[in-house]
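In what follows, a structure is listed as C-alpha coordinates, so that the remarks can point back to it.
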Amino acid sequence: MEEKRENWGSKFGFIMAAAGSAVGLGNIWRFPYLAGTNGGSAFIIIYLGCVFTIGLSIMTAEFAVGRKSGLSAVGAYMSVSKNWTFAGVLGVLSGFLIMGFYPVVGGWATAYMFKSVTGLLKDASAVGDAFGAFISNPVQPLIWMGLYMVLNIIIVARGISSGIELASKVLMPALYVMLFIIIVRSVTLPGAGAGLAFLFKPDFSMVTGKTFLAALGQAFFSLSLGMGCMITYGSYLKKDQNLPNNAAIVVSMDTSVALLAGIAIFPAVFAFGLDPGAGPGLVFVSVPLVFAHMGAVGPILSFIFFTALMVAALTSSVSLLEVVVAYLIDQRKMKRVNAVIITSVIMIIMCVFASLSLGVMADKPIPILGVGAFDLFDILTDKIFLAIGGLLLAVFIGFVMKKEDLKKELTNEGTIKFGAFELWYNFTKFVAPVLIAIIAISGIISMKDKVALMLFGVGIIVVSALFSKKFK
Ligand code: TRP
(Lines give C-alpha, C1' and ligand atoms only; values in the text may rest on other atoms or scores of the structure.)
Protein backbone atom coordinates (compact mmCIF):
# COMPACT_ATOMS: atom_id res chain seq x y z
CA MET A 1 0.00 0.00 0.00
CA GLU A 2 1.22 3.47 -0.79
CA GLU A 3 2.17 5.72 2.13
CA LYS A 4 0.71 9.22 2.17
CA ARG A 5 3.30 11.80 1.21
CA GLU A 6 4.38 13.95 4.14
CA ASN A 7 4.79 17.72 4.50
CA TRP A 8 6.95 19.90 6.69
CA GLY A 9 4.99 20.95 9.78
CA SER A 10 5.87 24.65 9.66
CA LYS A 11 7.86 27.28 7.81
CA PHE A 12 10.36 27.41 10.67
CA GLY A 13 10.70 23.65 10.58
CA PHE A 14 11.36 23.61 6.86
CA ILE A 15 13.95 26.37 7.07
CA MET A 16 15.71 24.61 9.90
CA ALA A 17 15.71 21.35 7.95
CA ALA A 18 16.94 22.92 4.70
CA ALA A 19 19.52 24.99 6.51
CA GLY A 20 20.37 21.88 8.51
CA SER A 21 21.06 20.07 5.26
CA ALA A 22 23.19 22.92 3.95
CA VAL A 23 25.10 23.64 7.14
CA GLY A 24 27.41 20.73 7.79
CA LEU A 25 30.92 19.44 7.53
CA GLY A 26 31.14 21.60 4.42
CA ASN A 27 30.96 24.72 6.56
CA ILE A 28 32.93 23.83 9.66
CA TRP A 29 35.39 21.17 8.49
CA ARG A 30 35.89 21.90 4.81
CA PHE A 31 35.40 25.64 4.35
CA PRO A 32 38.14 26.64 6.83
CA TYR A 33 40.72 24.26 5.40
CA LEU A 34 39.89 25.19 1.81
CA ALA A 35 40.19 28.86 2.70
CA GLY A 36 43.42 28.05 4.52
CA THR A 37 44.99 26.21 1.57
CA ASN A 38 43.70 28.66 -1.07
CA GLY A 39 45.01 31.89 0.37
CA GLY A 40 42.31 32.98 2.82
CA SER A 41 40.19 35.97 1.96
CA ALA A 42 40.74 35.96 -1.83
CA PHE A 43 39.21 32.47 -1.89
CA ILE A 44 36.42 33.64 0.40
CA ILE A 45 35.51 36.51 -1.92
CA ILE A 46 35.31 34.18 -4.94
CA TYR A 47 33.33 31.72 -2.85
CA LEU A 48 30.83 34.39 -1.81
CA GLY A 49 30.52 35.42 -5.45
CA CYS A 50 29.62 31.84 -6.42
CA VAL A 51 27.18 31.46 -3.53
CA PHE A 52 25.15 34.59 -4.15
CA THR A 53 24.92 34.26 -7.93
CA ILE A 54 24.95 30.64 -9.05
CA GLY A 55 24.19 29.17 -5.62
CA LEU A 56 21.17 31.32 -4.86
CA SER A 57 19.63 30.90 -8.31
CA ILE A 58 20.10 27.12 -8.33
CA MET A 59 18.68 26.86 -4.81
CA THR A 60 15.58 28.77 -5.93
CA ALA A 61 15.37 26.54 -9.00
CA GLU A 62 15.61 23.33 -6.96
CA PHE A 63 12.86 24.45 -4.59
CA ALA A 64 10.64 25.35 -7.54
CA VAL A 65 11.17 22.06 -9.36
CA GLY A 66 10.64 20.07 -6.17
CA ARG A 67 7.49 21.76 -5.00
CA LYS A 68 5.93 21.93 -8.45
CA SER A 69 6.23 18.18 -8.96
CA GLY A 70 5.78 17.18 -5.33
CA LEU A 71 8.28 14.43 -6.06
CA SER A 72 11.90 13.68 -5.23
CA ALA A 73 14.74 14.14 -7.74
CA VAL A 74 14.05 11.36 -10.25
CA GLY A 75 10.29 11.77 -10.29
CA ALA A 76 10.55 15.55 -10.50
CA TYR A 77 12.59 15.45 -13.70
CA MET A 78 10.59 12.57 -15.12
CA SER A 79 7.25 14.28 -14.55
CA VAL A 80 8.31 17.06 -16.92
CA SER A 81 10.25 15.07 -19.49
CA LYS A 82 11.08 11.37 -19.64
CA ASN A 83 14.31 12.22 -21.45
CA TRP A 84 15.54 13.98 -18.35
CA THR A 85 15.12 11.08 -15.97
CA PHE A 86 18.88 10.52 -16.14
CA ALA A 87 19.52 13.89 -14.47
CA GLY A 88 17.57 12.72 -11.43
CA VAL A 89 19.26 9.33 -11.45
CA LEU A 90 22.63 11.05 -11.59
CA GLY A 91 21.59 13.00 -8.51
CA VAL A 92 20.72 9.85 -6.61
CA LEU A 93 24.08 8.36 -7.57
CA SER A 94 25.89 11.50 -6.41
CA GLY A 95 23.98 11.13 -3.16
CA PHE A 96 25.45 7.68 -2.70
CA LEU A 97 28.93 8.98 -3.43
CA ILE A 98 28.72 11.70 -0.79
CA MET A 99 27.13 9.26 1.64
CA GLY A 100 30.14 7.05 1.00
CA PHE A 101 32.51 9.33 2.89
CA TYR A 102 30.45 11.85 4.85
CA PRO A 103 29.67 9.58 7.82
CA VAL A 104 33.38 8.74 8.09
CA VAL A 105 34.11 12.34 9.02
CA GLY A 106 30.91 12.45 11.09
CA GLY A 107 32.32 9.52 13.04
CA TRP A 108 35.59 11.38 13.63
CA ALA A 109 33.63 14.32 15.04
CA THR A 110 31.68 11.99 17.33
CA ALA A 111 34.92 10.39 18.51
CA TYR A 112 36.48 13.79 19.17
CA MET A 113 33.56 14.82 21.39
CA PHE A 114 34.56 12.05 23.75
CA LYS A 115 38.30 12.31 23.21
CA SER A 116 38.08 16.00 24.17
CA VAL A 117 37.10 15.15 27.72
CA THR A 118 39.06 11.92 28.10
CA GLY A 119 42.65 13.09 27.95
CA LEU A 120 43.30 14.01 24.30
CA LEU A 121 44.26 17.53 25.32
CA LYS A 122 46.59 16.56 28.19
CA ASP A 123 49.68 16.45 26.00
CA ALA A 124 49.58 19.14 23.30
CA SER A 125 52.60 17.72 21.48
CA ALA A 126 50.78 14.45 20.83
CA VAL A 127 47.58 15.90 19.32
CA GLY A 128 48.78 15.80 15.70
CA ASP A 129 50.00 12.22 15.86
CA ALA A 130 46.89 11.19 17.71
CA PHE A 131 44.71 12.23 14.75
CA GLY A 132 46.84 10.36 12.21
CA ALA A 133 46.89 7.27 14.39
CA PHE A 134 43.15 7.48 14.99
CA ILE A 135 41.97 7.76 11.39
CA SER A 136 44.35 5.05 10.19
CA ASN A 137 43.36 2.61 12.92
CA PRO A 138 41.38 -0.23 11.29
CA VAL A 139 38.74 -0.58 14.01
CA GLN A 140 38.26 2.58 16.09
CA PRO A 141 36.94 4.96 13.40
CA LEU A 142 34.53 2.27 12.22
CA ILE A 143 33.01 1.96 15.66
CA TRP A 144 32.45 5.72 15.94
CA MET A 145 31.14 5.83 12.39
CA GLY A 146 28.69 3.08 13.30
CA LEU A 147 27.44 5.09 16.27
CA TYR A 148 27.03 8.17 14.11
CA MET A 149 25.16 6.18 11.46
CA VAL A 150 22.72 4.76 13.97
CA LEU A 151 21.65 8.32 14.86
CA ASN A 152 21.18 9.09 11.15
CA ILE A 153 19.15 6.01 10.50
CA ILE A 154 16.85 6.60 13.46
CA ILE A 155 16.11 10.18 12.40
CA VAL A 156 15.37 9.33 8.76
CA ALA A 157 13.32 6.29 9.69
CA ARG A 158 11.06 8.52 11.80
CA GLY A 159 10.13 10.46 8.68
CA ILE A 160 9.85 14.09 7.70
CA SER A 161 8.07 16.07 10.39
CA SER A 162 8.77 13.95 13.47
CA GLY A 163 12.26 12.92 12.38
CA ILE A 164 14.22 15.32 10.21
CA GLU A 165 12.24 18.45 11.07
CA LEU A 166 12.17 17.85 14.81
CA ALA A 167 15.88 17.08 14.99
CA SER A 168 16.79 20.15 12.94
CA LYS A 169 14.59 22.49 14.98
CA VAL A 170 16.49 21.55 18.12
CA LEU A 171 19.96 21.05 16.71
CA MET A 172 20.34 24.10 14.43
CA PRO A 173 19.77 26.80 17.06
CA ALA A 174 22.04 24.83 19.41
CA LEU A 175 24.74 24.94 16.76
CA TYR A 176 24.69 28.75 16.60
CA VAL A 177 24.95 29.02 20.38
CA MET A 178 27.94 26.66 20.46
CA LEU A 179 29.74 28.52 17.68
CA PHE A 180 29.27 31.84 19.45
CA ILE A 181 30.80 30.49 22.63
CA ILE A 182 33.92 29.39 20.73
CA ILE A 183 34.17 32.69 18.85
CA VAL A 184 34.13 34.75 22.01
CA ARG A 185 37.11 32.75 23.33
CA SER A 186 38.96 32.72 20.02
CA VAL A 187 38.83 36.43 19.13
CA THR A 188 39.83 37.50 22.63
CA LEU A 189 43.12 35.58 22.47
CA PRO A 190 46.26 37.70 22.26
CA GLY A 191 47.41 37.68 18.62
CA ALA A 192 43.95 36.88 17.23
CA GLY A 193 44.14 39.86 14.86
CA ALA A 194 46.39 38.06 12.39
CA GLY A 195 43.71 35.41 11.93
CA LEU A 196 41.05 38.00 11.22
CA ALA A 197 43.37 39.72 8.74
CA PHE A 198 43.90 36.38 6.98
CA LEU A 199 40.14 36.05 6.66
CA PHE A 200 39.31 39.57 5.59
CA LYS A 201 42.34 41.10 3.79
CA PRO A 202 42.45 39.71 0.26
CA ASP A 203 45.67 38.44 -1.31
CA PHE A 204 44.96 37.50 -4.92
CA SER A 205 48.43 36.14 -5.66
CA MET A 206 47.36 32.58 -4.89
CA VAL A 207 44.29 32.61 -7.16
CA THR A 208 44.35 30.23 -10.17
CA GLY A 209 41.79 28.31 -12.26
CA LYS A 210 41.78 25.67 -9.56
CA THR A 211 40.74 28.24 -6.97
CA PHE A 212 37.57 28.98 -8.93
CA LEU A 213 36.66 25.31 -9.23
CA ALA A 214 37.39 24.80 -5.55
CA ALA A 215 35.14 27.76 -4.71
CA LEU A 216 32.32 26.67 -7.03
CA GLY A 217 32.51 23.03 -5.91
CA GLN A 218 32.46 24.18 -2.32
CA ALA A 219 29.45 26.41 -3.00
CA PHE A 220 27.48 23.47 -4.43
CA PHE A 221 28.62 21.15 -1.68
CA SER A 222 27.96 23.56 1.14
CA LEU A 223 24.52 24.57 -0.12
CA SER A 224 23.53 20.91 -0.80
CA LEU A 225 22.93 21.67 -4.46
CA GLY A 226 23.37 19.75 -7.69
CA MET A 227 22.04 16.36 -6.66
CA GLY A 228 18.37 16.85 -6.07
CA CYS A 229 18.59 17.29 -2.31
CA MET A 230 16.81 20.65 -2.28
CA ILE A 231 14.41 19.33 -4.94
CA THR A 232 13.48 16.60 -2.48
CA TYR A 233 13.19 18.98 0.48
CA GLY A 234 11.18 21.42 -1.64
CA SER A 235 8.80 18.63 -2.57
CA TYR A 236 7.60 18.38 1.03
CA LEU A 237 6.84 22.10 1.11
CA LYS A 238 3.31 23.44 1.26
CA LYS A 239 1.97 25.54 -1.59
CA ASP A 240 1.66 28.75 0.44
CA GLN A 241 5.37 29.12 1.19
CA ASN A 242 7.47 31.84 -0.43
CA LEU A 243 10.19 29.95 -2.31
CA PRO A 244 12.59 32.76 -3.32
CA ASN A 245 12.44 34.07 0.22
CA ASN A 246 13.18 30.70 1.76
CA ALA A 247 16.06 30.16 -0.65
CA ALA A 248 17.59 33.48 0.37
CA ILE A 249 17.25 32.66 4.07
CA VAL A 250 18.83 29.22 3.69
CA VAL A 251 21.72 30.55 1.59
CA SER A 252 22.38 33.32 4.11
CA MET A 253 22.30 30.95 7.05
CA ASP A 254 24.71 28.59 5.35
CA THR A 255 27.12 31.38 4.50
CA SER A 256 26.94 32.84 7.97
CA VAL A 257 27.90 29.54 9.57
CA ALA A 258 30.88 29.11 7.23
CA LEU A 259 32.12 32.60 8.06
CA LEU A 260 31.45 32.09 11.76
CA ALA A 261 33.45 28.85 11.65
CA GLY A 262 36.30 30.77 10.03
CA ILE A 263 36.09 33.45 12.72
CA ALA A 264 36.08 30.75 15.40
CA ILE A 265 39.08 28.91 14.00
CA PHE A 266 41.59 31.26 12.35
CA PRO A 267 42.22 33.75 15.16
CA ALA A 268 43.08 30.82 17.42
CA VAL A 269 45.23 29.16 14.74
CA PHE A 270 47.25 32.36 14.31
CA ALA A 271 47.37 33.16 18.01
CA PHE A 272 49.14 29.84 18.61
CA GLY A 273 51.35 30.07 15.52
CA LEU A 274 49.82 27.06 13.74
CA ASP A 275 49.66 26.46 9.98
CA PRO A 276 46.40 27.68 8.35
CA GLY A 277 47.16 25.54 5.28
CA ALA A 278 47.17 22.26 7.22
CA GLY A 279 44.44 20.71 5.02
CA PRO A 280 41.70 18.26 6.06
CA GLY A 281 43.31 17.77 9.45
CA LEU A 282 42.94 21.49 10.27
CA VAL A 283 39.87 21.15 12.42
CA PHE A 284 40.93 17.88 14.03
CA VAL A 285 44.50 18.87 14.78
CA SER A 286 44.72 22.64 15.09
CA VAL A 287 41.51 23.11 17.01
CA PRO A 288 42.30 20.54 19.75
CA LEU A 289 45.81 22.02 19.92
CA VAL A 290 44.32 25.41 20.52
CA PHE A 291 42.13 24.04 23.28
CA ALA A 292 45.05 22.12 24.79
CA HIS A 293 46.68 25.47 25.51
CA MET A 294 43.69 26.83 27.36
CA GLY A 295 43.93 25.06 30.68
CA ALA A 296 40.87 23.88 32.52
CA VAL A 297 38.25 25.28 30.10
CA GLY A 298 40.00 23.60 27.14
CA PRO A 299 38.33 20.18 27.31
CA ILE A 300 34.90 21.75 27.80
CA LEU A 301 35.25 24.14 24.86
CA SER A 302 36.65 21.32 22.76
CA PHE A 303 33.70 19.12 23.66
CA ILE A 304 31.34 21.95 22.66
CA PHE A 305 33.14 22.49 19.36
CA PHE A 306 33.05 18.85 18.31
CA THR A 307 29.46 18.51 19.44
CA ALA A 308 28.66 21.43 17.13
CA LEU A 309 30.52 19.73 14.31
CA MET A 310 28.75 16.42 14.88
CA VAL A 311 25.36 18.08 15.09
CA ALA A 312 25.95 20.05 11.91
CA ALA A 313 27.07 16.90 10.12
CA LEU A 314 24.09 14.92 11.34
CA THR A 315 21.41 17.23 9.94
CA SER A 316 23.27 17.10 6.61
CA SER A 317 23.84 13.39 6.28
CA VAL A 318 20.21 12.89 7.16
CA SER A 319 19.37 14.87 4.01
CA LEU A 320 21.68 12.75 1.89
CA LEU A 321 19.99 9.63 3.11
CA GLU A 322 16.59 11.21 2.53
CA VAL A 323 17.30 11.86 -1.17
CA VAL A 324 17.76 8.17 -1.83
CA VAL A 325 15.03 7.08 0.58
CA ALA A 326 12.54 9.50 -0.97
CA TYR A 327 13.39 8.16 -4.41
CA LEU A 328 12.71 4.59 -3.29
CA ILE A 329 9.44 5.64 -1.68
CA ASP A 330 8.21 7.79 -4.61
CA GLN A 331 9.40 5.78 -7.58
CA ARG A 332 9.71 2.27 -6.21
CA LYS A 333 6.72 2.49 -3.88
CA MET A 334 8.69 1.16 -0.93
CA LYS A 335 7.80 1.63 2.70
CA ARG A 336 10.00 4.20 4.45
CA VAL A 337 11.51 1.68 6.83
CA ASN A 338 12.51 -0.70 4.06
CA ALA A 339 13.92 2.14 1.99
CA VAL A 340 16.01 3.27 4.95
CA ILE A 341 17.34 -0.23 5.56
CA ILE A 342 18.38 -0.81 1.94
CA THR A 343 20.02 2.60 1.61
CA SER A 344 21.85 2.27 4.90
CA VAL A 345 23.35 -1.08 4.00
CA ILE A 346 24.85 0.34 0.81
CA MET A 347 26.01 3.43 2.69
CA ILE A 348 27.70 1.32 5.36
CA ILE A 349 29.59 -0.79 2.83
CA MET A 350 30.88 2.28 0.98
CA CYS A 351 31.87 4.02 4.19
CA VAL A 352 33.80 1.03 5.46
CA PHE A 353 35.91 1.13 2.29
CA ALA A 354 36.29 4.90 2.56
CA SER A 355 37.42 4.68 6.16
CA LEU A 356 39.83 1.82 5.55
CA SER A 357 41.29 3.65 2.53
CA LEU A 358 42.87 6.06 5.00
CA GLY A 359 44.50 3.30 7.04
CA VAL A 360 45.09 -0.35 6.29
CA MET A 361 44.21 0.09 2.61
CA ALA A 362 46.13 3.34 2.16
CA ASP A 363 48.83 1.59 0.14
CA LYS A 364 46.24 -0.12 -2.09
CA PRO A 365 44.60 2.66 -4.11
CA ILE A 366 41.88 1.80 -6.60
CA PRO A 367 43.59 0.45 -9.75
CA ILE A 368 43.99 2.92 -12.64
CA LEU A 369 42.44 5.80 -10.67
CA GLY A 370 45.31 5.90 -8.20
CA VAL A 371 43.31 7.25 -5.26
CA GLY A 372 41.61 5.62 -2.30
CA ALA A 373 37.84 5.31 -1.91
CA PHE A 374 37.59 8.29 0.46
CA ASP A 375 39.36 10.67 -1.91
CA LEU A 376 37.59 9.27 -4.95
CA PHE A 377 34.11 9.86 -3.53
CA ASP A 378 35.12 13.31 -2.35
CA ILE A 379 36.76 14.47 -5.60
CA LEU A 380 34.06 13.02 -7.85
CA THR A 381 31.21 14.74 -6.10
CA ASP A 382 32.77 18.02 -5.15
CA LYS A 383 34.71 18.66 -8.34
CA ILE A 384 32.56 16.98 -10.98
CA PHE A 385 29.11 15.64 -10.20
CA LEU A 386 27.57 18.49 -8.27
CA ALA A 387 28.64 20.99 -10.90
CA ILE A 388 27.24 18.78 -13.67
CA GLY A 389 24.03 18.34 -11.68
CA GLY A 390 23.72 22.10 -11.26
CA LEU A 391 24.40 22.71 -14.93
CA LEU A 392 21.79 20.16 -15.99
CA LEU A 393 19.23 21.72 -13.68
CA ALA A 394 19.89 25.20 -15.07
CA VAL A 395 19.47 23.94 -18.65
CA PHE A 396 16.35 22.03 -17.63
CA ILE A 397 14.85 25.16 -16.08
CA GLY A 398 15.74 27.33 -19.04
CA PHE A 399 15.02 25.10 -21.99
CA VAL A 400 12.72 22.28 -20.90
CA MET A 401 10.33 23.70 -18.33
CA LYS A 402 7.81 26.34 -19.32
CA LYS A 403 8.61 29.84 -18.17
CA GLU A 404 4.96 30.41 -17.26
CA ASP A 405 4.92 27.35 -14.99
CA LEU A 406 8.02 28.53 -13.19
CA LYS A 407 6.55 31.95 -12.71
CA LYS A 408 3.37 30.46 -11.26
CA GLU A 409 5.33 28.25 -8.92
CA LEU A 410 7.61 31.01 -7.66
CA THR A 411 4.78 33.49 -7.13
CA ASN A 412 2.33 30.94 -5.69
CA GLU A 413 -0.03 31.36 -8.66
CA GLY A 414 0.47 35.11 -8.65
CA THR A 415 -0.52 35.63 -5.02
CA ILE A 416 2.94 36.81 -3.91
CA LYS A 417 5.55 39.02 -5.59
CA PHE A 418 8.89 37.83 -6.93
CA GLY A 419 10.28 41.07 -8.34
CA ALA A 420 13.54 39.53 -9.54
CA PHE A 421 11.82 36.80 -11.58
CA GLU A 422 13.12 37.93 -15.00
CA LEU A 423 16.61 38.42 -13.62
CA TRP A 424 16.56 35.00 -11.95
CA TYR A 425 15.14 33.31 -15.04
CA ASN A 426 17.58 34.78 -17.53
CA PHE A 427 20.55 34.33 -15.24
CA THR A 428 19.68 30.69 -14.61
CA LYS A 429 18.96 30.04 -18.27
CA PHE A 430 21.83 31.81 -20.00
CA VAL A 431 24.56 32.79 -17.56
CA ALA A 432 24.73 30.06 -14.93
CA PRO A 433 25.27 27.10 -17.31
CA VAL A 434 28.03 28.94 -19.17
CA LEU A 435 29.79 30.00 -15.98
CA ILE A 436 29.56 26.52 -14.49
CA ALA A 437 30.88 24.94 -17.68
CA ILE A 438 33.84 27.31 -17.93
CA ILE A 439 34.82 26.90 -14.29
CA ALA A 440 34.37 23.13 -14.32
CA ILE A 441 36.30 22.55 -17.54
CA SER A 442 39.20 24.81 -16.64
CA GLY A 443 39.41 23.31 -13.17
CA ILE A 444 39.25 19.70 -14.33
CA ILE A 445 41.96 20.33 -16.92
CA SER A 446 44.29 21.57 -14.21
CA MET A 447 43.78 18.48 -12.04
CA LYS A 448 46.21 15.62 -11.98
CA ASP A 449 44.76 12.19 -12.77
CA LYS A 450 42.21 14.04 -14.85
CA VAL A 451 41.95 11.45 -17.61
CA ALA A 452 41.19 8.54 -15.33
CA LEU A 453 38.79 10.61 -13.25
CA MET A 454 36.99 11.89 -16.28
CA LEU A 455 36.64 8.42 -17.74
CA PHE A 456 35.25 7.24 -14.46
CA GLY A 457 32.86 10.19 -14.36
CA VAL A 458 31.66 9.57 -17.90
CA GLY A 459 31.22 5.90 -17.00
CA ILE A 460 28.90 6.79 -14.15
CA ILE A 461 26.89 9.13 -16.35
CA VAL A 462 26.47 6.37 -18.95
CA VAL A 463 25.38 3.95 -16.24
CA SER A 464 22.79 6.43 -14.97
CA ALA A 465 21.51 6.99 -18.50
CA LEU A 466 21.14 3.25 -19.04
CA PHE A 467 19.61 2.79 -15.62
CA SER A 468 17.10 5.56 -16.28
CA LYS A 469 15.77 3.66 -19.34
CA LYS A 470 14.09 1.34 -16.89
CA PHE A 471 11.68 4.12 -16.00
CA LYS A 472 10.43 4.86 -19.49
N1 TRP B 1 25.76 20.70 2.52
C2 TRP B 1 26.28 19.71 3.41
C3 TRP B 1 27.54 20.25 4.07
O4 TRP B 1 27.91 21.36 3.83
C5 TRP B 1 26.54 18.39 2.73
C6 TRP B 1 25.37 17.93 1.96
C7 TRP B 1 24.19 17.50 2.45
C8 TRP B 1 25.25 17.92 0.56
N9 TRP B 1 23.34 17.21 1.44
C10 TRP B 1 23.97 17.47 0.28
C11 TRP B 1 26.10 18.27 -0.45
C12 TRP B 1 23.53 17.37 -1.04
C13 TRP B 1 25.67 18.17 -1.76
C14 TRP B 1 24.40 17.75 -2.06
O15 TRP B 1 28.18 19.59 4.83
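When the stretch 386-412 is limited to residues that are outside any helix (DSSP H, G or I) and in contact (Cβ under 8 Å) with a residue 24 or more places away in the chain, the one that is farthest from residue 98 (Cα to Cα) turns out to be 412. Only residues that are more than 11 Å from the chain's Cα centre (by Cα) and under 19 Å from residue 210 (Cα atoms) were counted in the stretch 19-52, giving 20. Could you please let me know if residue 52 is in contact (Cβ under 8 Å) with a residue 40 or more places away in the chain, buried (at least 24 other Cβ atoms within 10 Å of the Cβ), within 24 Å of residue 255 (Cβ to Cβ) and of a type in the set (Phe, Trp, Tyr)? So residue 52 does not fit the description; no.
Can residue 302 be described as within 30 Å of residue 412 (Cβ to Cβ) and of a type outside the set (Val, Ile, Thr)?
Working: within 30 Å of residue 412 (Cβ to Cβ): no; of a type outside the set (Val, Ile, Thr): yes.
No; evaluated as a whole, the condition is false for this residue.
From the residues in the stretch 217-235 that are near the ligand (Cβ under 9 Å from one of its atoms) and hydroxyl-bearing (Ser, Thr, Tyr), which one is farthest from residue 63 (Cα to Cα)? Restricting to residues being near the ligand (Cβ under 9 Å from one of its atoms) and hydroxyl-bearing (Ser, Thr, Tyr), the top hit is 222.
Looking only at the stretch 322-360, which residues are without any contact (Cβ under 8 Å) to a residue 12 or more places away in the chain and not in a helix (DSSP H, G or I)? Break it down stepwise before answering.
Restricting attention to the stretch 322-360, the residues satisfying the condition of being without any contact (Cβ under 8 Å) to a residue 12 or more places away in the chain are 332, 334, 338, 341, 345, 349.
Correct list: 334 only.
Quick check on residue 67: is it away from the ligand (no atom under 16 Å from the Cβ) and basic (Lys, Arg)? Answer is yes for this residue.
Checking 301, 321, 309, 314 one by one, the residue that is more than 12 Å from the ligand (Cβ to nearest atom) and of a type in the set (A, V, I, L, M) is 301 and no other. Of the listed requirements (1) at pLDDT below 95; (2) part of a loop (DSSP other than H, G, I, E, B); (3) open to solvent by 20 Å² or more (accessible area, probe 1.4 Å), residue 369 misses just one: (3).
Here the condition is being modelled with pLDDT of 90 or more, within 26 Å of residue 347 (Cα to Cα) and assigned to a helix (DSSP H, G or I); of 47, 77, it holds for 77 alone. Filtering the stretch 19-47 to residues that are away from the ligand (no atom under 16 Å from the Cβ), in contact with a Gly (Cβ under 7 Å, 6 or more places away or on another chain) and of a type outside the set (S, T, N, Q) leaves only 36.
The values are calculated or read from the model by the stated rules, or taken from the named source; none is laboratory data. The model shown is predicted, which means the values in this text are computed figures rather than measured ones. All Cβ positions, glycine included, derive from the backbone under ideal geometry; neighbour counts span all protein chains shown. The accessibility values were calculated without ligands, DNA or RNA, using every heavy atom of the protein model including side chains. Shrake-Rupley method; radii C 1.70, N 1.55, O 1.52, S 1.80 Å.
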